[in-house]
1. Once R0 is set to 25 Å, what does the formula 1/(1 + (r/R0)^6) return for the Cβ-Cβ distance between THR76 and PHE118, expressed as a FRET efficiency to the nearest 0.05?
2. Sort all Cα-Cα distances of region 46-235 into consecutive 10 angstrom bins from zero, then give the percent of pairs in each bin up to the one containing the longest distance.
3. What is the extension gain from SER189 to VAL212, computed as 0.36 nm multiplied by their sequence separation minus the C-alpha to C-alpha distance, in nm to one decimal?
4. With 20 Å as the cut-off, how large is the P(r) tail for region 111-220, expressed as percent of Cα-Cα pairs?
5. Taking every eigenvalue of the Cα gyration tensor of region 63-151, multiplying by 5 and rooting it, what semi-axes result, largest first, whole Å?
6. Among 98-106, 77-85, how do they line up from the highest to the lowest mean number of other beta-carbon atoms within 10 Å?
7. So for each of 121-134, 47-60 I average, over its residues, the number of other beta carbons within 10 Å; can you give me the resulting order with the highest mean first?
Amino acid sequence: MGSVGSAGSVNRIGRIGRIGVSRRMSREKEERKCEHMAIGSSNRWQGKDVIRLAVFSLLLFIAMLVGAMTCSITLTTYFYGDAVGAILAGTVWMYMRANIRKPGACLISSIIVALIAFLLGQIWTAVLGVIVGGALAEVIVRMGRYTSPLANMAAFVVWVLCFWVGHGILAIFSADLFTQMMLNAHMSSEQVSQLLQGLTGINLLLAPLACVVGALIGGGLGLVIFKKHFARALGA
């Protein structure tokens, strides 16, 4: 009788254990389902996201434009303008990335910036550079699951570099075509000559390097200022 009672107790404990495991697995499954639903919801675009992204894109363009205008005081320093603009635009970029963690946001924002630049008369290579930069930035932030602060900073550095390459690539590889385009834009031969001097010798190395430094400074400032936003994003 004692052995029968012991066997019954063991069976009951086993059933209770299996029930507990089954309930725990069911609860974990439900939690994963809710998590996937939350991720899907956070990735879904809404009207307010499009409006906010358009505003951020305009601010990005303005920041880069201010940098260009600052360095246009002397034409030989013009190609350092993107480095200065990156310091200003970094906080905008990081705030945008902390608030709009949607797939495609970097690319769409860059297309908006490129469209504004095109409408204001930027050369086609500059417009193309912004779009290419946006596509590369999108790949990088996707690798960081759209929330990684380091991935967002790296994406911004690449975006600024592509912005700079778009401005300078014609001057570097086809000075004659660049000169003709600038003359058609009502610049004098002397002004074009001064502009080209900004991409000769040591400037050809220092200007893109300054863009990297400027992007890191701007992105770093944005990361510090909006640290709580990124912490919330990582915890989401």
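Where a number appears in this text, it was derived from the coordinates with a stated rule and is not lab data. This is a predicted model, so every value here is computed, not measured. We place every Cβ from the backbone using ideal geometry, glycine too, and count neighbours over all the protein chains shown.
1. Details: r = 26 Å, r/R0 = 1.05.
Given R0 = 25 Å and the Cβ-Cβ separation, E is 0.45.
2. Spelled out bin by bin, region 46-235 gives 10, 38, 33, 14, 4, 0 percent.
3. Working: separation 23, 0.36 × 23 = 8.28 nm, distance 3.07 nm.
Gain in length upon complete extension: 5.2 nm.
4. Working: 2850 of 5995 pairs.
In whole percent, the long-distance tail amounts to 48.
5. On the way: eigenvalues 125, 46, 21 Å².
Here the semi-axes work out to 25, 15, 10 Å.
6. 77-85, 98-106
7. 121-134, 47-60
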